[in-house]
Amino acid sequence: MAGDIACIGAGYIGGPTMAVIAKMCPERQVWVVDCDEAKIAAWNSEELPVYEPGLKEVVLACRGRNLFFSTDIAGAIRRCDLIFVGVNTPTKTFGEGAGYASDLQFWEAAARTIAAEANGDKVVIEKSTLPVRTADAMAAVLHTHPEHTFTVLSNPEFLAEGSAIEDLLHPDRVLIGGPETPAGRAAVAALTEVYAAWVPRERILTTNVWSSELSKLAANAMLAQRISSINAFSALCEVTGADVDEVANVLGMDRRIGPHFLKAGPGFGGSCFKKDVLSLVYLCRQFGLTECADYWEGVIRMNERQQRRIVERTVHALFNTLSGKRLALFGFAFKANTGDTRETPALAIARRLLEERAQLVITDPRALPNARRDLAGEAVDFCEDPYRAAEGADAILILTEWAEYRALDWARIYRAMRKPALLFDTRNLFDQAALKALGFRVLAVGKP
Ligand code: UDX
């Protein structure tokens with residue numbers, strides 16, 4: 001049926017995005033397909049493979065009505081004329097561009113499957129973040145079957161984890177990049193119709209394909225750059241006696257700067273920022289833009305420096321040795337309200353603390369299963385209960401800004417710790433004076 005939608009890739013992007021499209025476009029059938037049988041089974045069960053506030057409600061309302069999860073990729077390609085591709089594009093770990101470039105093998109495999117299975121003209125929509133000019137390469141793969149017309153659009157996703165459903169329902173903007181040809185314009189119009197079911201038209205931006213692909217990398221690089229900038233100031237604050245939260249507040253009230261993404265902390269994590277900045281660095285280098293590449297690479301170096309600084313300050317505060325000391329890490333997720341630990345600053349910090357021979361105990365309300373996997377083979381304790389995690393600890397490091405940590409009985413925690421008890425609040429979650437009044441020695445990022 002015309003207007004039906006398929007999405008290849010049932011991950012963090014494909015699942016929630018298609019669920020929202022199915023909810024807002026009840027007249028369309030939406031097929032989410034993936035070769036991973038376990039993942040599809042999970043999407044069809046009570047325990048969805050992705051946790052997002054509000055996601056389960058949307059899936060339960062649409063699943064079996066106009067939202068289907070299946071491993072039948074070929075069937076979905078034949079049935080639908082709009083085909084999203086939301087497969088992962090991790091940083092390459094091998095060969096040319098290793099450590100920087102995106103690994104496009106899953107994307108290329110998806111394009112080849114679409115070409116092989118198509119039974120008519122198809123619009124193929126990039127949802128995964130891809131390096132600029134990938135759509136060209138994909139069009140070349142698709143045109144190995146010239147009997148059909150394939151139009152490749154770029155439609156990057158800007159949702160953040162933990163607020164995915166909200167971001168999808170009320171996006172700042174929807175970006176659609178398409179070729180400036182009659183077929184391209186028709187494809188852009190067809191995709192615009194999908195979003196126009198709930199997004200005001202003035203928020204649906206259309207650009208050429210390259211602007212769209214680059215805008216996604218640029219948006220993430222600008223956000224990551226703000227975090228590295230404020231973290232660079234945090235280091236300067238610590239040595240000069242300025243307070244980074246006060247500085248951020250002043251900056252944020254300048255309407256030209258704005259208040260968001262100015263929170264100093266252990267640095268950015270998550271699946272996008274580092275990967276996209278690395279991809280941007282690679283892109284710049286490929287075009288011989290050495291200074292541009294170095295500039296953006298500085299954002300990543302600053303981020304890594306922040307994690308090293310946190311460890312150095314911890315070692316210093318614990319009398320220059322962690323050997324045999326017990327350190328409790330409160331929070332392991334890369335930010336609050338998610339169990340995701342991809343690129344989490346907590347992992348880099350944990351590894352360095354282990355090199356210093358600290359004994360670690362990790363607690364987190366959602367991320368312990370991932371933390372266990374990330375630190376498999378290391379002698380680390382994991383503990384659901386933060387009070388138990390604190391028992392006998394020399395120091396607590398707050399690494400994720402979980403709201404529930406504010407509500408803990410900190411007097412009780414202090415009593416359970418070895419004295420002198422150190423609390424390093426890397427997220428600046430707490431009022432330092434209140435903790436000091438309980439007896440803690442307190443460190444914070446960017447504070448005197
Ligand atoms: C991000 C982008 O926001 C999203 O648009 C893009 O599509 C994917 O990447 P996400 O990774 O889910 O989303 O998380 P985000 O909320 O942006 O936070 C990223 C990291 O930056 C986290 O580790 C967070 O703790 C950190 N951060 C964020 C700061 O350290 N300070 C801030 O002020 C804001």
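The set of residues from region 240-282 being in contact (Cβ under 8 Å) with a residue 24 or more places away in the chain, away from the ligand (no atom under 12 Å from the Cβ) and out of contact with any helix residue (DSSP H, G or I) (no Cβ under 9 Å at 6 or more places or on another chain) comprises just one member, 241. Screening region 1-118 for helices (runs of 4 or more DSSP H) wholly inside it with 2 or more residues that are in contact with a Phe, Trp or Tyr (Cβ under 6 Å, 6 or more places away or on another chain) returns the ranges 37-43. The C-beta contact set for region 215-228 (first residue within 15 Å of residue 173 (Cβ to Cβ), second residue in a helix (DSSP H, G or I) and near the ligand (Cβ under 10 Å from one of its atoms), distance under 6 angstrom, 6+ apart or interchain) comprises 220/273; 220/276.
Reported count of residues in region 326-340, each being crowded, with 21+ Cβ neighbours inside 10 Å and within 21 Å of residue 413 (Cα to Cα), is 6.
Let's see how each residue does on (1) among the charged types (D, E, K, R); (2) not in a helix (DSSP H, G or I):
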position	(1), (2)
369	no, no
372	yes, no
397	no, yes
408	no, yes
413	no, no
420	no, yes
424	no, yes
433	no, no
436	yes, no
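Scanning region 202-239 for residues that are under 17 Å from residue 306 (Cβ atoms), away from the ligand (no atom under 13 Å from the Cβ) and either surrounded by fewer than 19 Cβ atoms within 10 Å (Cβ to Cβ) or of a type in the set (A, V, I, L, M) (or both) turns up 235, 236, 239. A single member of 183, 187 is more than 25 Å from the chain's Cα centre (by Cα), outside any loop (DSSP other than H, G, I, E, B) and buried (at least 22 other Cβ atoms within 10 Å of the Cβ), and it is 187.
Here residue 307 meets each of (1) at pLDDT below 95; (2) in a helix (DSSP H, G or I) with one exception, condition (1).
Number of residues in region 363-389 that are closer than 16 Å to residue 322 by Cα and crowded, with 16+ Cβ neighbours inside 10 Å: the value is 1. Here is the figure for region 120-141: residues that are within 20 Å of the chain's Cα centre (by Cα) and aliphatic (A, V, I, L, M) total 2.
The values are calculated or read from the model by the stated rules, or taken from the named source; none is laboratory data. Small disclaimer: the values here were computed from a predicted structure and weren't measured. Please note: Cβ atoms are built from the backbone with ideal geometry, for glycine as well, and neighbour counts cover all protein chains shown.
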